[in-house]
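Here's the structure, in structure tokens; my notes come after.
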Amino acid sequence: MTEFVVFTLVGPMGSFGDLAGHERRGSGDWPARSAVLGLVGAALGVQREDCSAQQVLARWRVAVSVLSRSAAFRDFHTVQTVPTARIKRPNSRREALEALEIGDNPVITRRDYCSDCAFGVALWGGNGLAAVEEALARPRFTPYLGRKSCPLSAPMAPQVVVSTSPIEALARITVPPFMALDPKRPSVVASDEPLDGGWQEIRWDEPLARTSWHFGLRTVYLHRPIASERSE
């Protein structure tokens, strides 16, 4: 038996880091390991440049269950390429456009999002389960689903549970009462550790250095509990 901290992430929209270039910011279908650890770090009040605290966060194992069928959509931003940017943090789009001069190089960039987000998260393997539970209930920094424009629509409802596996632990999350979702029937579970009857993929979402935004390769293990139940 293992102790887990489990909690819920629910919001009208979210954007979860995927492979990205200058003109494209893609989104995965669920929060990657780096996104979950970043959110937990924000709840604990960990600063990005605090390397020792970031290393403590990296000890946690993560599993995420996908509870809703999100629809993908895209937003467009007009930006100026470095080093021609003449204005940063404009108060309005009009102010940014008025700052343009001949020779500047504005480009259109694309931002991908998911709508109707609902996920379960399980953490284990680190130290301070109670401290993480308390921080998620009363976060020091505001949590959001990938971008500041993607706030949560319900409390994360963290709790410490004892279970035999991440899948069993994720089945015990608290779903908001306004959502008709069954935490025991996720569409997929993605875990840092192997799951029975699943498959594996390679993802580039292992945080190595937060200040310089460096990430490494890792193996993620996936499982479809619903498909397994139907095959039995």
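The values are calculated or read from the model by the stated rules, or taken from the named source; none is laboratory data. It should be emphasised that the depicted structure is a prediction, and the values quoted were computed from it without experimental measurement. Note that we place each Cβ from the backbone using ideal geometry, even for glycine, and neighbour counts take in every protein chain shown. Quick note on the areas: whole protein, heavy atoms, side chains included, nothing else; ligands and nucleic acids left out. Shrake-Rupley method; radii C 1.70, N 1.55, O 1.52, S 1.80 Å.
Observations on the model:
- Single unsatisfied condition, residue 176 versus (1) within 21 Å of the chain's Cα centre (by Cα); (2) surrounded by 17 or more Cβ atoms within 10 Å (Cβ to Cβ); (3) under 29 Å from residue 223 (Cα atoms): (2)
- Index of the failed condition, residue 52 passing every other in (1) at negative phi; (2) at pLDDT below 90; (3) not in a helix (DSSP H, G or I): (3)
- Region 199-232, subset open to solvent by 40 Å² or more (accessible area, probe 1.4 Å) and among the small types (Gly, Ala, Ser), residue modelled with the highest pLDDT: 212
- Unmet criterion (only one of (1) of a type in the set (A, V, I, L, M); (2) under 16 Å from residue 62 (Cα atoms); (3) within 17 Å of the chain's Cα centre (by Cα)) for residue 152: (2)
- Among residues of region 145-156 that are in contact (Cβ under 8 Å) with a residue 24 or more places away in the chain, those with a Cβ under 7 angstrom from a residue that is part of a strand (DSSP E or B) and open to solvent by 70 Å² or more (accessible area, probe 1.4 Å), sequence gap 6+ or separate chain, pair up as 150/144; 151/144; 152/144; 153/12.
- The residue pairs whose first member lies in region 188-205 and is of a type outside the set (S, T, N, Q), whose second member is in a loop (DSSP other than H, G, I, E, B), and whose beta carbons are closer than 7 Å, counting only pairs six or more residues apart or on different chains, are 188/224; 189/195; 190/30; 203/32; 205/32.
- Of residues in region 159-173 being touching a strand residue (DSSP E or B) at 6+ places or on another chain (Cβ under 7 Å) and not β-branched (Val, Ile, Thr), the one surrounded by the most Cβ atoms within 10 Å (Cβ to Cβ): 166
- Region 132-146: number of residues that are surrounded by 17 or more Cβ atoms within 10 Å (Cβ to Cβ) and under 21 Å from residue 15 (Cα atoms): 6
- Output for region 179-197, where each listed residue is within 15 Å of residue 220 (Cβ to Cβ) and open to solvent by 70 Å² or more (accessible area, probe 1.4 Å): 193, 194
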